[in-house]
Amino acid sequence: MDKPPGSPRSGSAANTDIVRFAIANRRRLSGPGLRAFVAIADLWGLTEEQRRLILGYPARSTYQGWIKRARERRSITLKLDVLMRISAVLGIYKGLRILFADDDKGVEWLQRPHKARVFGGAPPIELITSGTQDALLTVRRFVDATCGGLYMAPSWEDRDRPPYDDSEIIFGDTDD
């Protein structure tokens, strides 16, 4: 049975999925991704238990084997779920670097109780380390939206700055 045009499994969309999820592509991303995850987890002060929860709670020996292989730069191929979780952590880290002048302020934000409804008064790190991919992606979406100007008040440095007007917003080079 043919798929209708525009179906997620028709034409180039299907080919893109095959390439994205191919073992060779996952192998290429696994080592560097895991090394980046470990560096971020070290910065955030996460325990081994919290790290394993973020990665989908692999057995301790499995987790330690992954880390050993990644540190030795040996070949490793992580499952797609684990790579998605690492990607969410990388996105959270990137967003915090955009929002805060230094890593310490980003870590402080992660560890402080938060008033946003999505966090229920708990620190964002509790949601990140809850063990579900959905929780990770929720924090990722929150941080991304905050980078776009939603949810949080301006920083102290920007609090007294007047809002931009239309004449100050310029896209590319214009001669107007």
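If you go through region 116-137 and keep only what is within 18 Å of MET84 (Cα to Cα) and touching a Phe, Trp or Tyr at 6+ places or on another chain (Cβ under 9 Å), you end up with ILE125, LEU127, ILE128, GLY131.
Take the conditions (1) closer than 22 Å to LEU29 by Cα; (2) part of a helix (DSSP H, G or I); SER75 misses just one of them, which is (2). Filtering region 80-119 to residues that are more than 14 Å from the chain's Cα centre (by Cα), open to solvent by 90 Å² or more (accessible area, probe 1.4 Å) and touching a residue at least 12 places away in the same chain (Cβ under 8 Å) leaves only GLN111.
The values are calculated or read from the model by the stated rules, or taken from the named source; none is laboratory data. Since the structure is predicted, the reported quantities are computational estimates derived from the model, not experimental observations. We place every Cβ from the backbone using ideal geometry, glycine too, and count neighbours over all the protein chains shown. We work out accessible area using only protein heavy atoms, side chains counted, and drop any ligands, DNA or RNA first. Shrake-Rupley method; radii C 1.70, N 1.55, O 1.52, S 1.80 Å.
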